[in-house]
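The values are calculated or read from the model by the stated rules, or taken from the named source; none is laboratory data. Here the structure is a predicted model, which is why all the values come from computation and not from measurement. Ideal geometry is used to build each Cβ from the backbone, glycine not excepted, and the neighbour counts take in all protein chains shown.
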Amino acid sequence: MEKGLLIVVSGPSGCGKGTVLGGITKELGLCYSVSATTRGMREGEADGVNYHYLTKEQFEALIAEDKVLEYTTYCGNYYGTLRDEVESRRNQGQDVLLEIEVVGAANVKRLCPDAVLIFIAPPSVAELDRRLRKRGTETEEVISARVAEAEREIRCASQYDYIVVNGALEKAVDDVASIIKAERISAVNKENLISEVLNS
C-alpha cells in the first residue's frame with residue numbers, strides 16, 4: 001500500500017486557514033491525527049478518539065525519545081502530535097493533515113523530511129488587522145499582540161514548501177487542493193507506481 005502524505009498547514013490567527021481547510025478536508029479524504037494530552041479525560045470523551053491520554057511522565061519520556069512530532073503546553077498540560085499515530089495512519093495509505101504553528105511545523109519537518117509544508121498568509125498585515133477587528137471579540141491589546149505575532153510567523157513562511165495567499169477564499173481553497181493533488185502524483189511519491197508499471 002502506498003504511504004499517505006503528511007500535510008502541515010500553518011498561518012497566523014485570522015488568516016482563515018480553518019475555513020480553507022474545511023473546504024477541502026472531506027473532499028480530498030484527509031484525516032487529522034488524534035493528538036495526545038496530559039489533561040484529564042472529560043465526561044463523554046474516549047481514549048484514542050478525542051485524545052490519547054498520557055501522564056506527564058509518559059509524555060516527557062516520548063519527547064526525550066523524539067516520538068512527539070510537535071507539542072505545546074496550555075494551562076499546565078502538554079498537547080502534541082505522536083509520531084506513531086501519524087505514521088500508523090500514513091502506512092494505511094491515509095493522507096494526514098496537521099494544522100499547527102510555525103515552531104511545531106519546523107520540528108515536524110526535522111523528524112519527517114517528506115512532510116509537505118503549506119503556509120496560508122493574509123493578503124496583507126493591514127487586512128489581517130481588519131479581519132481581527134471585524135470579529136469584535138478581542139481587546140485592542142490582544143489584537144495588537146496577534147498582529148505582531150502574525151508578522152513574526154509570516155517572516156518564517158519562506159521555510160515552507162508552498163505559500164498560499166488567502167485574499168479570495170475560493171481561490172485559496174483551490175490552490176491548497178491543487179497542491180495536495182499535485183503532491184499525490186509527484187514522482188517523489190510514486191516509486192511503488194513506477195515499480196508496478198515496469199513489472200506488470
Residue match in region 135-148 (condition: in contact with a Ser or Thr (Cβ under 8 Å, 6 or more places away or on another chain) and of a type in the set (Ser, Thr, Tyr)): no
Cross-chain or 6+ apart pairs with Cβ under 9 Å, region 26-38 first and in contact (Cβ under 8 Å) with a residue 12 or more places away in the chain, then among the aliphatic types (A, V, I, L, M) and assigned to a loop (DSSP other than H, G, I, E, B): 30/5; 30/24; 34/49; 36/54; 37/54; 38/54
Looking only at region 172-191, and only at residues there that are more than 14 Å from residue 95 (Cα to Cα) and among the acidic types (Asp, Glu), the one that is modelled with the lowest pLDDT: 191
Cβ pairs under 7 Å, 6+ apart, first in region 46-74 and touching a residue at least 40 places away in the same chain (Cβ under 8 Å), second exposed (fewer than 11 other Cβ atoms within 10 Å of the Cβ) and outside any loop (DSSP other than H, G, I, E, B): none
Qualifying residue in region 111-119 (condition: part of a helix (DSSP H, G or I) and under 20 Å from residue 32 (Cα atoms)): yes
Subset tally (residues that are in contact with a helix residue (DSSP H, G or I) (Cβ under 7 Å, 6 or more places away or on another chain), acidic (Asp, Glu), in contact (Cβ under 8 Å) with a residue 12 or more places away in the chain and not in a helix (DSSP H, G or I)) for region 123-180: 0
